[in-house]
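Structure first, commentary second.
The values are calculated or read from the model by the stated rules, or taken from the named source; none is laboratory data. The model shown is predicted, which means the values in this text are computed figures rather than measured ones. Counting neighbours? That spans all protein chains shown, and the Cβs are built from the backbone with ideal geometry, glycine included. These accessible areas exclude ligands, DNA and RNA; they are computed on the full protein's heavy atoms, side chains included. Shrake-Rupley method; radii C 1.70, N 1.55, O 1.52, S 1.80 Å.
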Amino acid sequence: MRIDVFSIFPEYLAPLKLSLIGKAMDAGILSVAVHDLREFTHDRHRTVDDTPYGGGAGMVMKPEPWAEALESVFAESTSTDARPVLLVPSPAGEVFTQAMARELATAQHLVVACGRYEGIDHRVSEWSAEHADVRFVSIGDYVLNGGEVAAMVMIEAIARLIPGTIGNPESLTEESHEDGLLEYPVYTKPASWRGHDVPEILLSGNHGAIARWRRDRRLERTRAVRPEMLEALPAEALDKKDRAF
Ligand SMILES: Nc1nc2cc(Br)ccc2s1
């Protein structure tokens, strides 16, 4: 997978080179390029914004720099490849979920447009739709100062699902939101710590009982913290023992 990110603060995306994403890039599983939007301006002040038509507070990001920037990478998605996906982090977007991360992990080319100020001139996304599949995406019901943090969240959630990125793919199976339940609590040595003991069952070596205990903790946690997730599960996702819990 190729990912191109555009921002007026490219250094914001530097942490992507760390940890798993960095290793995936070194292994050639993933390429992530971060571009400075101001490289696509041509005036002395490298202007990227202007006042909003219709009045109102704040500034809007100009279409010209964005069109030049996006064109520079859309063109590299050869005609034989699938269309690139343009992700636009926005508080007005569809909510980003694990299911969306799984879907986007199958894309060949992701382009992420990090907006600032009051957002990007809407004609940019309209024009982009001729060249890419455009998705406005929100990472939650709160407003950030720009799309960079949202881009980091989405790129990490997507990239870790690309085969070869995570060392042990089994660790992707019983995660929160992967199968509709929250994950079970985890423990490691020492078995007793500051008067708190690891649940006996986990020391028993009885793998069937341990699996049941973990499943029960997932159901308990999901019911307590995110009951709507339990309600949303298809009937066939819960077996007889689950329902009895
Ligand atoms: N939750 C989010 N807030 C914002 C703000 C701006 Br400005 C750009 C993107 C996003 S995503």
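Glu126: accessible area at probe 1.4 Å, nearest 10 Å²?
110
Over the range 84-160, average the accessible area per residue using a 1.4 Å probe and give it in Å², no decimals.
Values: 3410 Å² over 77 residues.
Counting only protein heavy atoms, the per-residue value for the range 84-160 is 44 Å².
Please list, in order along the range 38-53, the HN-Hα scalar couplings obtained from phi with the Karplus expression 6.51 cos²θ - 1.76 cosθ + 1.60 (θ = phi - 60°), rounded to whole Hz, x for Gly and Pro.
Calculated HN-Hα couplings, in order: 5, 5, 10, 9, 9, 9, 4, 8, 6, 6, 10, 9, 7, 6, x, 4 Hz.
Ranked from the most accessible area to the least, with a 1.4 Å probe and all protein chains present, what is the order of Trp193, Trp66, Trp213?
Values: Trp193 135, Trp66 0, Trp213 45 Å².
Final ranking, largest accessible area leading: Trp193, Trp213, Trp66.
So how compact is the chain: Cα radius of gyration and Dmax in angstrom?
22.2, 70
Ordered by residue, what ³J(HN,Hα) values in Hz, to whole numbers, does the range 90-96 give under the Karplus form 6.51 cos²θ - 1.76 cosθ + 1.60, where θ = phi - 60° and Gly and Pro are x?
Result, ordered by residue: 7, x, 9, x, 5, 6, 6 Hz.
Once you put a point 7 Å from the Cα of Arg221 and another 7 Å from the Cα of Asp133, both along the Cβ direction, what distance in nm separates them?
Between Arg221 and Asp133, the simple spin-label model gives 3.1 nm.
If the only charges are +1 at each Lys and Arg Cβ and -1 at each Asp and Glu Cβ, what is the size of the charge dipole of the chain around the Cα centre, to the nearest 20 debye?
On the way: 26 positive and 38 negative charges, 214 e Å.
Its charge dipole is roughly 1020 debye.
May I ask which of Lys23/Lys189; Lys189/Lys241; Lys23/Lys240 have a Cα-Cα span longer than 32 Å here? If you can, show how the numbers build up before the last one.
Working: Lys23/Lys189 28 Å; Lys189/Lys241 30 Å; Lys23/Lys240 42 Å.
Violating the 32 Å Cα-Cα cut-off are Lys23/Lys240.
What full-extension length gain, to one decimal in nm, is calculated for Asn145 and Glu94 as 0.36 nm per residue of separation minus the Cα-Cα distance?
Details: separation 51, 0.36 × 51 = 18.36 nm, distance 1.82 nm.
Result for the pair: 16.5 nm of gain on full extension.
Hey, quick one: spin label on Met59, modelled 7 Å out along Cα-Cβ, who in the range 82-107 has an amide N within reach, i.e. under 14 Å?
The answer is none.
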